[in-house]
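The structure appears right after this line, and notes come after that.
The values are calculated or read from the model by the stated rules, or taken from the named source; none is laboratory data. The structure displayed is predicted, hence computed values, not measured ones. We place every Cβ from the backbone using ideal geometry, glycine too, and count neighbours over all the protein chains shown. Side chains included, ligands, DNA and RNA excluded: accessible areas come from the protein's heavy atoms. Shrake-Rupley method; radii C 1.70, N 1.55, O 1.52, S 1.80 Å.
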Amino acid sequence: MPRKLKSPYLPFGDQQTAPWYGKDILSVKPFTRADLDYIFGVAHDMRIMVERIGTFDLLKGKILANLFYEPSTRTSSSFMAAMQRLGGAVIPISEVKYSSVAKGESLPDTVRTLACYVDVIVIRHPEVGSAALAAKYAGKPVINAGDGAGEHPTQALLDCFTIREEMGRLDNLHVTMLGDLKYGRTVHSLARLLTRFNGITLSYVSPESLRMPHEVMDEVAEKGLPQAEHTTLDKVLPATDVLYVTRVQRERFEDPLLYDKVRDAYIITPDVLAGAKKEMIVMHPLPRVTEISMACDEDPRAAYFRQMEYGLFVRMALLAMVLGKA
Ligand code: CP
């Protein structure tokens, strides 16, 4: 018989006055430090619940539409698993070509339709701003699962939760982001979110053509965080606590020759990790292509598979919050 969890975060009954009830999650921008502490508290309790009892009926009777206009393995399946572990149901639309989108239906009409049937909509779409457009028409909470090269807020939340669970803190860390910082939406959201914590230093390592966008760097600078750009990793690696590696986003390049020039710009190998701190962690939103050698996978610092699992707990927390159950 599992022990009953006494959680301040998961009360019985609807919480229609809860701060995130009915809200959209489109960007990391609205989240305060207090919000993050709250989300991570809920996610931590979700983790304990999953580990103890697996599935429970917090969202029984609720339905999620999982609307993916772009490929996904982790985000799509973890949102489905999150809803199902909380006792809810899912309408998965991962092949929009089999929906009325293929007949030319607009995004506003598609989400207006789904909103008639479901309680919450998760959307991934190739255009920046698409999740905000969906939210305008849905009348139900919309969660951005990645809008082109824009943002991927739930990934940044799970990334911060991973750092918290793995490092035991989110303050006083040197975070190095490596790879495609131009098109990689996860690093845009993560850099913004890390400004909520104290003592964070950000280093960006990328080819010249894939630098972190100015608007993100300007927002980080406004919050007073030290940040620096590099084209090689060697100088910054010894001081790094969290190495966040990203894939070069082939699908966002108009010219394949430009992609070929940078595709293998950085490859993390055991030899590279030999120059890093013993307690550093390596993260990656995945999927990876060649940027982290599989020979690194057994290194205890390789946190990228554990990171995927933390995503389940964070997405369970977010669904419970916007549906008034946390
Ligand atoms: N990290 C991430 O967004 O992975 P998927 O593209 O598989 O969802």
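Descriptive notes on the structure:
- The residue that is farthest from the ligand (Cβ to nearest atom), among those in the stretch 170-213 that are in a helix (DSSP H, G or I) and over 19 Å from the mean Cα position of the chain (by Cα), is E208.
- Test result for L273, over 27 Å from L86 (Cβ atoms), away from the ligand (no atom under 16 Å from the Cβ), crowded, with 19+ Cβ neighbours inside 10 Å and modelled with pLDDT of 95 or more: yes
- The single residue among G168, G129 that is without any contact (Cβ under 8 Å) to a residue 40 or more places away in the chain and outside the structural domain of S77 (by TED's automatic domain parsing) turns out to be G168.
- Which numbered condition G168 misses (of (1) open to solvent by 10 Å² or more (accessible area, probe 1.4 Å); (2) modelled with pLDDT under 95; (3) closer than 24 Å to M308 by Cβ): (2)
- In the stretch 59-70, residue surrounded by the fewest Cβ atoms within 10 Å (Cβ to Cβ) [restricted to those that are in a loop (DSSP other than H, G, I, E, B) and within 13 Å of the ligand (Cβ to nearest atom)]: E70
- Unique residue being surrounded by 18 or more Cβ atoms within 10 Å (Cβ to Cβ), within 20 Å of the chain's Cα centre (by Cα) and not in a helix (DSSP H, G or I) when the list is V289, V282, V314: V282
- Residues being assigned to a helix (DSSP H, G or I) and farther than 18 Å from D159 by Cβ - total across the stretch 29-58: 8
- Checked against the criteria, A326 does not count as more than 16 Å from the ligand (Cβ to nearest atom), modelled with pLDDT under 95, open to solvent by 30 Å² or more (accessible area, probe 1.4 Å) and in a loop (DSSP other than H, G, I, E, B).
- Counting only residues that are open to solvent by less than 80 Å² (accessible area, probe 1.4 Å), hydrophobic (A, V, I, L, M, F, W, C) and at pLDDT below 95, the stretch 244-263 holds 3 of them.
- Of all residues in the stretch 230-243, those satisfying the criterion of being open to solvent by less than 20 Å² (accessible area, probe 1.4 Å) and of a type in the set (V, I, T) are V236, T240, V242.
So that you can scan it fast, the table gives a plain yes or no per residue for (1) buried (at least 18 other Cβ atoms within 10 Å of the Cβ); (2) away from the ligand (no atom under 16 Å from the Cβ); (3) part of a helix (DSSP H, G or I):
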site	(1), (2), (3)
A228	no, yes, no
A265	yes, yes, no
F305	no, no, yes
L318	yes, no, yes
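- On the stretch given as the stretch 214-226, residues that are open to solvent by 10 Å² or more (accessible area, probe 1.4 Å) and not in a loop (DSSP other than H, G, I, E, B) total 7.
- Search result, residues across the stretch 159-182 that are more than 16 Å from P226 (Cα to Cα) and of a type in the set (S, T, Y): T162
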